[in-house]
Amino acid sequence: VDKKAITRSLQMLQRENGCFRCASTEEDDMRFMYCACVISDMLGDWSGVDKEAAVKYIVESQAFDGGIGLRIGAEGHGGTTYCAVASLVLMGRLDALKDPEGLVRWCVYAQGSGFVGRPNKPPDSCYSFWIGATMKMLNVYDLSSAKDNRQFNLRCQTKWGGFGK
């Protein structure tokens, strides 16, 4: 593995605001932030990431409701909240969250029978991972109802295997 080439590529993909692009296109968001952090962690080399800028971007992406959006100014979303929190954990900067209590509240309120990715949306089995894993990283999984979540996911099983909604 050519670590130098990979870290140089990460440096080129990081924007001034701290976020990452997916390639040489203009698209940037929290998914690519997470990818950059995972790559850096796997390589054991963070020289391609301006961590302070990345942390600042994540912190600024926390929405008014406590969740974390795809980018600054976006509404909180289950998948991007996971990407943001996991990135902070990988960087050793979970302490940087500006409103950890709001984030916990957002995660807890996302559970009904199953978890929803955004307010006023139906529950979906994928958010059992995205939000459940976020709660685990925040050490608050005990605030969820594992029994209700399990029952919801069992109802989502298809006769061919796997989960659907």
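The values are calculated or read from the model by the stated rules, or taken from the named source; none is laboratory data. Predicted, not measured: the structure shown is a model, and the values here were computed from it. Cβ placement follows ideal geometry from the backbone for every residue including glycine, while neighbour counts extend to all protein chains displayed. To get the accessible areas, we keep the full protein, side chains included, count just its heavy atoms, and leave off ligands, DNA and RNA. Shrake-Rupley method; radii C 1.70, N 1.55, O 1.52, S 1.80 Å.
Odds and ends about this structure:
- Within the range 142-165, residues that are of a type in the set (D, E, K, R) reach partners that are surrounded by fewer than 12 Cβ atoms within 10 Å (Cβ to Cβ) and at pLDDT below 95 with beta carbons closer than 8 Å, at six or more positions or on different chains, in the pairs Lys165/Pro122.
- Residue within the range 135-157 that is in a helix (DSSP H, G or I), touching a Cys at 6+ places or on another chain (Cβ under 6 Å) and under 23 Å from Ala86 (Cβ atoms) present: yes
- Within the range 1-62, helices (runs of 4 or more DSSP H) holding 2 or more residues that are at pLDDT 95 or above and in contact with a Gly (Cβ under 7 Å, 6 or more places away or on another chain): 3-13, 51-60
- Residue check, Asp124 among the acidic types (Asp, Glu) and part of a loop (DSSP other than H, G, I, E, B): yes
- Candidates in the range 65-76 are the residues that are more than 8 Å from the chain's Cα centre (by Cα) and open to solvent by less than 50 Å² (accessible area, probe 1.4 Å); of these, the one that is farthest from Cys35 (Cα to Cα) is Asp65.
- Condition check for Gly66 on (1) out of contact with any strand residue (DSSP E or B) (no Cβ under 7 Å at 6 or more places or on another chain); (2) in a loop (DSSP other than H, G, I, E, B); (3) of a type outside the set (A, V, I, L, M, F, W, C): one failure, at (1).
- Selection status of Val116, out of contact with any His (no Cβ under 6 Å at 6 or more places or on another chain), surrounded by fewer than 20 Cβ atoms within 10 Å (Cβ to Cβ) and under 15 Å from Asn139 (Cα atoms): no
- Residue check for Lys51: more than 30 Å from Gln11 (Cβ to Cβ) and either open to solvent by 20 Å² or more (accessible area, probe 1.4 Å) or small (Gly, Ala, Ser) (or both): no
- For the range 88-112, a residue qualifies if it is open to solvent by less than 50 Å² (accessible area, probe 1.4 Å) and either more than 16 Å from the chain's Cα centre (by Cα) or among the small types (Gly, Ala, Ser) (or both), and the qualifying residues are Ala96, Gly102, Ala110, Gln111, Gly112.
- Any chance Ala74 is part of a loop (DSSP other than H, G, I, E, B) and among the aliphatic types (A, V, I, L, M): yes
- Considering (1) more than 16 Å from the chain's Cα centre (by Cα); (2) at pLDDT 95 or above; (3) surrounded by 15 or more Cβ atoms within 10 Å (Cβ to Cβ), the lone condition that Thr81 does not fulfil carries the number (1).
- None of Leu154, Leu138 is modelled with pLDDT under 95 and either surrounded by 18 or more Cβ atoms within 10 Å (Cβ to Cβ) or at negative phi (or both) except Leu154.
- Residues located in the range 29-48, provided they are within 20 Å of Gly78 (Cβ to Cβ) and open to solvent by less than 70 Å² (accessible area, probe 1.4 Å): Asp29, Met30, Phe32, Met33, Tyr34, Cys35, Cys37, Val38
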